[in-house]
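To start, the structure under review is shown below, and the notes come after it.
The values are calculated or read from the model by the stated rules, or taken from the named source; none is laboratory data. In this text, all values refer to a predicted model and were calculated from it rather than measured experimentally. Positions of Cβ are backbone-derived with ideal geometry, glycine not excepted, and every protein chain shown enters the neighbour counts.
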Amino acid sequence: MKQEQQNSSSPNHAAKGNSLILHTSITYLVYIILLLAFFLFWHGHNAPGGGFIAGLISAAAIILLYLTFGSQWLHTTLTFDFKYLVAIGLSISLACGLAAVLLGKPFLTHTFTVLSISVLGEIELATATIFDLGVYCVVSGGCVVAITAIGESDRAKRRHGQQQTTTSDTNTPASSEP
Amino acid sequence: MSSNQVLSPQLIPWITAVLLLFTYRRVRWQRILSGVSAIVAVANAIYLLYCVLTNGTLVFWAGDWLPPFGITMVVDTFAAILVLLTALIGASCIFYSFSHIDMQREKYFYYFLIQMMLVGCNGAFIAGDIFNLYVWFEILLISSYVLLALGGEKKQLRETLTYVVLNVLASSFFLVGLGLLYAATGTLNMADLAIKLPQIENQSLINLISVIFLFVFGSKAAIFPLFYWLPHSYAQPPAAISAIFGGLLTKVGVYCLIRTFTLMFIGDSTFIYTLLFVLGILTMVLGGLGAICQYQFRKILSFHIISQVGYMLIGLAMHTTLTIAAAMYFMFHNIIVKTSLFYFAGATEEISGTGDLRQMGGLIHRFPVLAWGFFLGGVSLAGVPPFSGFFAKLLMLQGAAEIGQGWAMFFILAVGFLTLFSMIKIFMYCYWGQEKTLAVISTSGYRRKLISPWLLVMLSLVVGFASTPIIEVVLRAAAEISDPNLYIQAVFSKIN
Amino acid sequence: MEILMAIVIGALFTAGTYLLLSRTFLRILLGISLTSHGVLLLLIAMGKLKNGVAPILHEYAASSYVDPLPQALILTAIVIGFGVTAFIIVLCYRTYQVLGNDDTEICRGIENE
């Protein structure tokens, strides 16, 4: 029983079986995945792409990290509470809609403007992008919260399972509101 | 711009929900925020109803996109009354929860979920676009799934699983119905559909689609063959949750039935109204009979939800202005009274430590306020004057007599007796008679718990005494509903 | 193309229904996802299938675009379906943990516990 406890409290518990190749490559791959997410996000407002899939892809990146290095690592390195990311995202989208109300337009009225910067050429800036940023935060935050919740409960169960203590923390996490 | 006012009943709980997410670790803050927002929501809903009564139907065009392309939100009298009741029930539920829901749940986004459910309810009531209705339905349902599962007790989880699977299936059929509607007409705006659906030559196709929608809304409203999930799943979670479910959720389904079958599917209506009538009668009778053989407090109440949905259905099926008004009045009365009865059930179960009527008894000696409160609510539900339930049934009987529906009148009265029987049964078993020694008696904070249900019972009494002006408003709402042209004109008013 | 679509939708519904009627949580979950995918395909088919340009405004003639509405509907439905599926997975897993079994038949047996 003592050995079991030691096992579960040691870092990289979930990552024990993972290969060196995965460990090494993930550290680089994550940046590429995040870059892809950023590209899709930026591309999104006038072409296929957008906040939702960008959010999914970034969540995938974080979940890959989680799978490779284990939840212990994730807790010590990424101390940020992803539930707040959902809250921030929701408030960005809501604020974007409410801004139109303050200006006397119907809720969620969008507008855009074209900026021309000498080096970069013409850039189209739309308020829809701000809304999309909110979507991005909600989706990526929600995914990470949901998946870590499943993982955490499993870990808690394994830790307590041997000592026949029932898991008291059986609350289901809030599902990501679409 | 004033059209944003239409969205206000949704924006208030929505903003609150976001704030609640930020403060999810602090229960105290959560309580204050939810309480304040509940009061603001009630005040706002009253003002909205006032505006609708003075200015007529209000319409909101999201992002300034005009119908039939953009999303529209429409508040007519019917929707405005329901928004007000949603706010009232939401407020009562939040205040009841302060002394009823345990900290564990409060920390796990309980208030957030309640607010999201209110967003979904209000959205469903004011949606003017059938796909938008689907989205609000989903928001409502997802919150309800989580609320049902919150706490994670064995029975609860099992019932939630059934509830979720059935509702997801029903939602899939909702999408199928939407797809078929779109293929048939090329639009999903409800006002536009109301114009285009009667023009379609192949009306049997429209009947088919309407039956799909009947299945979808019927399974949420728990009508005859689709009610099997309701009694078990509503009896499991804490009373505050089952109260808001029993009071509001099924009524959203009934609302959608009334809305779609008076606005859109009216081309070849004999078939569908006959079907609704038969289903309504069966729902009434089976719900009433189901309650009789139960001994679990909240299961009896849940079976009566089903039976009362039947009343609303036959009101809709007889489709005169008077019977639709009766169905609406019944709905409003039922939302108020049913919720209060669930609160009383929750308080009783906490005191006696059991939900089984046979183990209770004589509670009236030590808890008279509780017992008499339940008694008043129960007789109101059964339709004894001067409570609101009496006038609801009276209107319904008048409407049925007007078109000579003898069977409807017979069943309205017969099921009324069944309801009275069940309520008296609960009262006799649980409160009256010899005091039984109960294993667990926890009386902590029991008086505070009775504030919300007593206020609702008083509201039922007020609705009963002030029935003349209220029936006028309801008749006006029914007249608006009976004439789809008013709705269509309001939605397209910005173009013309 | 429509006929092929109809066959695929029918197959998805059949498989989904079959799985929904089985007894383990995971199969029910898969049944739900298959059914909802069938519904999504149905929505595409309802918007009239054609070889058109993606409905993002360029210089093409108006008739060459495909109908954007079903796509918007499907995107929304996918998002909602994603949230619901995530929830059901968690729910099934918790139920499995608490009850120690994933057989609906056995779960029903604890009625009078």
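Of the residues that make up the stretch B:87-98, is at least one farther than 22 Å from B:Leu19 by Cβ and either touching a residue at least 40 places away in the same chain (Cβ under 8 Å) or surrounded by fewer than 22 Cβ atoms within 10 Å (Cβ to Cβ) (or both)?
no
Take A:Gly104 and tell me if it is more than 8 Å from every other protein chain (Cβ to nearest Cβ) and either surrounded by fewer than 20 Cβ atoms within 10 Å (Cβ to Cβ) or touching a residue at least 60 places away in the same chain (Cβ under 8 Å) (or both). Write out each step before concluding.
Values: more than 8 Å from every other protein chain (Cβ to nearest Cβ): no; either surrounded by fewer than 20 Cβ atoms within 10 Å (Cβ to Cβ) or touching a residue at least 60 places away in the same chain (Cβ under 8 Å) (or both): yes.
Criteria not met by A:Gly104.
Residues in the stretch A:134-146: is at least one within 18 Å of B:Ala62 (Cβ to Cβ), out of contact with any Asp or Glu (no Cβ under 9 Å at 6 or more places or on another chain) and more than 10 Å from chain B (Cβ to nearest Cβ)? Taking every residue of the stretch A:134-146 in turn, at least one turns out to be within 18 Å of B:Ala62 (Cβ to Cβ), out of contact with any Asp or Glu (no Cβ under 9 Å at 6 or more places or on another chain) and more than 10 Å from chain B (Cβ to nearest Cβ). Listed conditions (1) modelled with pLDDT under 85; (2) more than 29 Å from B:Leu11 (Cβ to Cβ); (3) not basic (Lys, Arg) are all met by A:Val30, apart from (1). Take the conditions (1) in contact with a Leu (Cβ under 6 Å, 6 or more places away or on another chain); (2) surrounded by fewer than 20 Cβ atoms within 10 Å (Cβ to Cβ); B:Ile364 misses just one of them, which is (1). The residue of the stretch B:56-86 that is farthest from B:Ser8 (Cα to Cα), among those that are surrounded by fewer than 19 Cβ atoms within 10 Å (Cβ to Cβ) and in contact with a Lys or Arg (Cβ under 9 Å, 6 or more places away or on another chain), is B:Leu66. Looking at the stretch B:384-403, is at least one residue of a type in the set (S, T, N, Q), surrounded by 17 or more Cβ atoms within 10 Å (Cβ to Cβ) and closer than 18 Å to B:Ala466 by Cα? Checking the stretch B:384-403: at least one residue is of a type in the set (S, T, N, Q), surrounded by 17 or more Cβ atoms within 10 Å (Cβ to Cβ) and closer than 18 Å to B:Ala466 by Cα. Restricting attention to the stretch C:76-105, the residues being of a type in the set (Ser, Thr, Tyr) and within 7 Å of chain A (Cβ to nearest Cβ) number 1.
Of the listed requirements (1) crowded, with 18+ Cβ neighbours inside 10 Å; (2) within 16 Å of B:Leu456 (Cβ to Cβ), B:Val369 misses just one: (1).
Looking across the stretch B:1-54, the residues that are at the interface with another protein chain (Cβ under 10 Å from one of its Cβ atoms), without any contact (Cβ under 8 Å) to a residue 40 or more places away in the chain and not aromatic (Phe, Trp, Tyr) come down to B:Met1, B:Leu11, B:Ile15, B:Val18, B:Leu19, B:Thr23.
Of the residues C:Leu57, C:Leu42, C:Leu73, which single one is within 14 Å of chain A (Cβ to nearest Cβ) and in contact (Cβ under 8 Å) with a residue 24 or more places away in the chain? Show your work before the answer.
Values: C:Leu57 fails: in contact (Cβ under 8 Å) with a residue 24 or more places away in the chain; C:Leu42 fails: within 14 Å of chain A (Cβ to nearest Cβ).
Answer to the check: C:Leu73.
Quick check: anything in the stretch A:131-141 under 29 Å from C:Val79 (Cα atoms), surrounded by 19 or more Cβ atoms within 10 Å (Cβ to Cβ), at pLDDT 75 or above and in contact with a Cys (Cβ under 6 Å, 6 or more places away or on another chain)? Among the residues of the stretch A:131-141, at least one is under 29 Å from C:Val79 (Cα atoms), surrounded by 19 or more Cβ atoms within 10 Å (Cβ to Cβ), at pLDDT 75 or above and in contact with a Cys (Cβ under 6 Å, 6 or more places away or on another chain), which makes the answer yes.
Summed over the stretch B:147-164, residues that are at pLDDT 90 or above and β-branched (Val, Ile, Thr) total 1. Filtered by the rule that a residue be surrounded by fewer than 20 Cβ atoms within 10 Å (Cβ to Cβ) and within 25 Å of the chain's Cα centre (by Cα), the stretch B:171-197 gives a lone residue, B:Phe173.
B:Ile212 meets the conditions (1) buried (at least 22 other Cβ atoms within 10 Å of the Cβ); (2) within 14 Å of another protein chain (Cβ to nearest Cβ); (3) in contact with a Gly (Cβ under 7 Å, 6 or more places away or on another chain) in every case but one. The failed one is (1).
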